[in-house]
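One structure is given here, and the rest of the page talks about it.
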Amino acid sequence: MARNFCAVDVGTRSVRAGVFAEDGRQLSRDVVAITVHSARASHGEYSSEQIWQAVCTAVRRALDASGLAPSDISGIAFDATCSLVLTGGVPLGPDGRDTIAWFDHRALAEARDCTATGHPLIDRHGGSMSPEMQTPKLLWLKRNRRDLWDALTRAEDLTDHLTTRAKGAPVRSACTLTAKWAFAPDLGGWQQDFLAAVGLSDLSDRAGLTDPIVPPGSRAGGLSETSATELGLAAGTPVAAGMVDAFAGTLGGLASAQDPAATLALITGTSNCVMSMTPDPCAAPGLWGPLQNAILPGHFVTEGGQSAAGAVLDHVLASWPWPDDAAPPDHAQVLARLEQLVARDGAAFGRGIDVLPDFNGNRSPLADPLALGVISGLSLDRSLVGLCALYWRTAVALACGVRQIVDQFEAAGHPVNALTIAGGLTRSDLLTQLFADCCDLPALRPDAPDTVMLGTAMAAAAGSGLYPDLPSAAQAMRRGVTRFEPEAAGRYDRDHAAFRLMQRHRADLRDLATG
């Protein structure tokens, strides 16, 4: 009897649910929007209840679209952004807000204080604690929202919150804890001395850190009666421990690589994540890791990334001074026109415009959350071609940033022979080819429609018991790839040189401003 699995992926602005066959084929998919509240720059909040309702809607509709019965689903797993869910009697904000978004940078001062401890854990975060991690966010909460802190009964990654709600009992994934919390398996687990040093010695009681910790892809429990009814699935359906979304995408992508240890996974979306998964640890300034057993047992994950990627392209579209009497184009329309313009002019299209895309700080390799975006070369052009030029040059800048991260991996002794590439930006052949050309590496785009959900389906299959472990599930469910070869070595060398020069100039200007 064939077995099928449900995967749920909660991104920055939407929930996606899919039904997968035991060989990794995606049978159906549904998407439901969620609301992110961003009243202040670099702040973001959600309602976890709204997210859960979106999850339930997406799962029910995906199941209906698959034509399967609830009893045909043999397992479910969740992945999500590393947003922080806060449970207590006091809300974070109106509209049921109780979740700080992953990209929220309100905890800049607290991140600096964490870095100043010099604790060995800081080395696991590239030498500088990011405000996107959970410890500085919780420290901010204690310092600035004492009412909420005193009422706090749980704090958890969004992935773990969804898993806990699904099974009706608390559990945490080793992936989320190792990636985003003060937890390091090879250093003994919870780093209580670090938490005490930053003033969070009471975090264990406040956040519920004594919950069971299970590896990703292991069975965490079964669907509770209540959750099963809400999701439209059968009570008792196995629930597997999930992963942070980029980690699920890394599993789904690298499973198809011929040489996973020498391949980086580029997961594109609102942000970009560049991930390695190797048997030996890899560490470098500005890279997060090595994170032991964060995806597969016996492997280390190292992560670089850009805090804003698709979000920068969204911003370019939203801020373009389009005439009031004209409907602004969307991404698909701009990309369709770009196909024609780049075919005509080649890589030189739009040159004269240069961009630093750090609109929400630089995660890697500079580890500078205060970095800002820069655009040089704008004119008064308000035409579609002018918009296309800025959009293209911003995409080139994002590719140059990925190339810089690849260089950082190689400088740390990690050979890179290819990129697996998945996510929103790769729906365009033009942008996929851009990453291959700029990085001078083959780009392997998995044929799976959604690589992140595929990785989560692999976790669901392993947790169901169909496969003995997560590596076996990944091998059984992996899909083929479409290979994009770099077309001309050195085509973007000039752009990468300009990119690095602008970074130096930005640093010089900031020194002048603060000196």
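The values are calculated or read from the model by the stated rules, or taken from the named source; none is laboratory data. Because the structure is predicted, anything quoted here is derived from the model rather than measured. Here the Cβ is made from the backbone with ideal geometry for all residues, glycine too, and neighbour counts use every protein chain on show. We work out accessible area using only protein heavy atoms, side chains counted, and drop any ligands, DNA or RNA first. Shrake-Rupley method; radii C 1.70, N 1.55, O 1.52, S 1.80 Å.
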Among the residues of region 351-361, is any within 14 Å of Ser130 (Cα to Cα) and touching a Ser or Thr at 6+ places or on another chain (Cβ under 9 Å)?
yes
Scan of region 133-151 for residues that are outside any helix (DSSP H, G or I) and open to solvent by 10 Å² or more (accessible area, probe 1.4 Å), ordered by number:
Arg145
In region 391-444, the residues that are aliphatic (A, V, I, L, M), open to solvent by 10 Å² or more (accessible area, probe 1.4 Å) and assigned to a helix (DSSP H, G or I):
Ala411, Leu425, Leu430
Cβ pairs under 6 Å, 6+ apart, first in region 91-113 and within 16 Å of Asp368 (Cα to Cα), second outside any loop (DSSP other than H, G, I, E, B) and open to solvent by 20 Å² or more (accessible area, probe 1.4 Å)
Arg106/Trp140; Ala107/Trp140; Glu110/Trp140
Go through the residues of region 377-391 one by one and say whether even a single one is in contact with a helix residue (DSSP H, G or I) (Cβ under 9 Å, 6 or more places away or on another chain) and aromatic (Phe, Trp, Tyr).
yes
Every residue in region 455-489 that is among the β-branched types (Val, Ile, Thr) and within 17 Å of Val19 (Cβ to Cβ), please.
Thr456
Are any of the residues in region 294-302 within 17 Å of the chain's Cα centre (by Cα) and closer than 30 Å to Gly373 by Cα?
yes
Mind checking which residues of region 466-482 are surrounded by 13 or more Cβ atoms within 10 Å (Cβ to Cβ) and assigned to a loop (DSSP other than H, G, I, E, B)?
Leu466, Tyr467, Asp469, Arg478, Arg479
Could you tell me which numbered condition Val385 fails, if it satisfies all but one of (1) assigned to a helix (DSSP H, G or I); (2) closer than 22 Å to Leu264 by Cα; (3) hydrophobic (A, V, I, L, M, F, W, C)?
(2)
Can you say whether Arg112 is among the basic types (Lys, Arg), out of contact with any Ser or Thr (no Cβ under 7 Å at 6 or more places or on another chain) and surrounded by fewer than 23 Cβ atoms within 10 Å (Cβ to Cβ), as far as the supplied structure shows?
yes
Residue check: is Ala336 at pLDDT below 95, open to solvent by 50 Å² or more (accessible area, probe 1.4 Å) and not acidic (Asp, Glu)?
no
Expected single match for among the polar types (S, T, N, Q) and farther than 24 Å from Gly249 by Cα among Thr87, Thr57 is Thr87
Within region 483-504, can one find any residue that is outside any loop (DSSP other than H, G, I, E, B), under 20 Å from Ala257 (Cα atoms) and either over 22 Å from the mean Cα position of the chain (by Cα) or touching a residue at least 60 places away in the same chain (Cβ under 8 Å) (or both)?
yes
Selection from region 39-72 of residues open to solvent by 60 Å² or more (accessible area, probe 1.4 Å), of a type outside the set (A, V, I, L, M, F, W, C), under 27 Å from Leu92 (Cα atoms) and assigned to a loop (DSSP other than H, G, I, E, B) yields Arg40
In region 164-201, residue surrounded by the fewest Cβ atoms within 10 Å (Cβ to Cβ) [restricted to those that are of a type in the set (S, T, N, Q) and touching a Ser or Thr at 6+ places or on another chain (Cβ under 7 Å)]:
Thr176
Collect the residues in region 202-229 that are surrounded by fewer than 16 Cβ atoms within 10 Å (Cβ to Cβ) and among the polar types (S, T, N, Q), keeping them in residue-number order.
Ser204, Thr210, Thr226, Thr229
Out of the residues in region 1-16 meeting the condition of being assigned to a strand (DSSP E or B) and in contact (Cβ under 8 Å) with a residue 60 or more places away in the chain, tell me which one is farthest from the chain's Cα centre (by Cα).
Asn4
Restricting attention to helices (runs of 4 or more DSSP H) lying wholly within region 161-249, give those where 1 or more residues are under 24 Å from Ile267 (Cβ atoms).
174-180
Please determine whether any residue of region 99-110 is in contact with a His (Cβ under 9 Å, 6 or more places away or on another chain) and over 16 Å from Arg13 (Cα atoms).
yes
Test result for Thr178, within 23 Å of Met275 (Cβ to Cβ) and of a type in the set (S, T, N, Q)
yes
Looking at region 420-466 only, could you name the residues that are out of contact with any Lys or Arg (no Cβ under 8 Å at 6 or more places or on another chain) and of a type in the set (Ser, Thr, Tyr)?
Ser428, Thr451, Thr456
Which residue is least open to solvent (accessible area, probe 1.4 Å), if the candidates are limited to region 256-283 and must be in a loop (DSSP other than H, G, I, E, B) and closer than 28 Å to Leu187 by Cα?
Cys282
Would you mind stating whether Arg124 is touching a Ser or Thr at 6+ places or on another chain (Cβ under 9 Å), under 30 Å from Ala54 (Cα atoms) and among the charged types (D, E, K, R)?
no
Looking at Leu121, is it of a type in the set (A, V, I, L, M) and either more than 21 Å from Ser307 (Cβ to Cβ) or open to solvent by less than 40 Å² (accessible area, probe 1.4 Å) (or both)?
yes
